[in-house]
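Right, one structure below, let's go through it.
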Ligand SMILES: Cc1ncc(COP(=O)(O)O)c(C=O)c1O
């Protein structure tokens, strides 16, 4: 059996990590892998997370199974964080999942159970795992225009025109904020128009919210998600705690299914638990309990928000610095969009050859589509990157 398996293509980002490690240059810069790093290049455990783990260690008396949907206190704390008061709690079904990826996978499986013929619509530029999970599950997909490489902004007219072609019951995947890989997000007026388009076609949004708090703030980053959930009869939301709590390896996520009414919610909740049961039975609990502890204790919550704000401000300041360095060197506004983008990523709009030249001539590692992880920079490396970019495009 095993010898009949087909060789799989290597994950491009992991291959890049291998190349970076093997590069002997001291001044090499890794802007590939999608984890947050501070100015010293570390991905630290956040203070409030450490404190919550300490509390748990002292107070936890059992590690017996939780419930199939995950700890109810976690689901309630996350509902408030993500949805606030956008929809009545009676409409919200939820299940804890292993990371945001687990929630994305579960959302796509739910689509397969409820509407096997429905198409999943993906932004033409999206997180590659969206594409590969849907392909793995054998779901039909289509893409809609998302990014305007000329302006570095959302191709809003293209997006709306394409989404007008969705059918009732199709699933439309949107990034709640900090779009990966482009960094370009709709503004609130554009979210309104997206809601109107979805309302008129009857398509259902599946919002991937992996970076709440990394863009403009916890509430601002959830504004589009809340707006859609409040205006539409049904919304799926796959949220991840990997980035905003810095607990990547704890695998902490949640799927929300906002149903039309309480009766539909009561039908949906056992289905989510059934899906957990078929895939891995009980979801991981440690990260979820850490998140709940942080969110429920005023002092821990304040400290977490303060540290998250520091992370966000750091990335915004690197963005502004890079945009300004490039403006000076090139005497052009071509890269001004970097300061307008939000989150860890920006697509630079450079060619494959230029990405290669950045790597070979300057030891700068970007993903092949020109995606840069801003958090891989620091105040010292920004001018080096600006010079390298100016050199390869010059
Ligand atoms: C767009 C997007 N969605 C979901 C995830 C899922 O993250 P995790 O499964 O680590 O929580 C990521 C992480 O890179 C992401 O970029």
(request) Would you mind listing how long the chain runs along its three principal axes, going by Cα atoms, in whole Å with the largest first? (result) 61, 54, 53
(message) Give me the percent relative contact order of the chain, please, defined on Cα pairs under 8 angstrom at least 6 residues apart.
(response) 26
(request) Quickly estimate the mean residue ellipticity at 222 nm for the chain, helices only: each DSSP H run with n ≥ 4 gives -39500 (n - 2.57), and the total goes over all residues, rounded to 500. (result) -15000 deg cm²/dmol
(message) With viscosity set to 1.567 mPa s at 4 °C, what whole-number translational diffusion coefficient in µm²/s follows for the range 266-394 from Stokes-Einstein and a Kirkwood radius over Cα pairs?
(response) 73
(request) Compute the Cα gyration tensor for the range 330-394, then decide on rounded, prolate or oblate, letting a ≥ b ≥ c be the square roots of its eigenvalues: rounded whenever a/c is under 1.5, prolate when a/b is larger than b/c in the other cases, and oblate in all that remain. (result) rounded
(request) Taking only Cα atoms and a 10 Å spring cutoff, compute GNM fluctuations for the chain and point out the largest among 124, 210, 96. (result) 124
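Two decimals is fine: what's Rg over Rh for the range 65-296, C-alpha atoms, Kirkwood radius as Rh?
Values: Rg = 16.3 Å, Rh = 17.4 Å.
Rg divided by Rh gives 0.93.
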(request) With everything on Cα atoms, drop me the angle between helix 381-393 and the longest principal axis of the chain, reported from 0 to 90° to the nearest 10. (result) 70
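Based on the mean of other beta carbon atoms within 10 Å per residue, what is the order of 82-91, 229-238, 18-27, most packed first?
Numbers: 82-91: 16.7, 229-238: 22.1, 18-27: 10.3.
Descending packing order for the listed peptides: 229-238, 82-91, 18-27.
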(message) Compute the helix-to-body angle for 262-279: its Cα long axis versus the longest principal axis of the chain, expressed 0 to 90° and rounded to tens.
(response) 70
(request) Starting from the Cα gyration tensor of the range 35-92, take the square roots of the eigenvalues, sort them a ≥ b ≥ c, and report rounded, prolate or oblate (rounded when a/c is under 1.5, otherwise prolate if a/b is larger than b/c, else oblate). (result) oblate
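Jot down the per residue volume, in cubic angstrom and as a whole number, of the convex hull over the alpha-carbon atoms of the range 142-203.
Values: hull volume 5.0 nm³, N = 62.
Convex hull of Cα atoms, per residue: 81 Å³.
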(request) Over the range 96-192, calculate the relative contact order: mean separation of alpha carbon pairs under 8 Å at least 6 apart, over the residue count, as a percent. (result) 29
(request) For helix 12-22, report the angle its Cα long axis makes with the longest principal axis of the Cα atoms of the chain; keep it between 0 and 90° and round to the nearest 10°. (result) 50
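A short reminder: the numbers here are calculations on the coordinates, not readings from a lab. Model, not experiment: these values are computed from the prediction. Don't worry about glycine lacking a Cβ; one is built from the backbone with ideal geometry, like all the others, and counts go over all protein chains shown.
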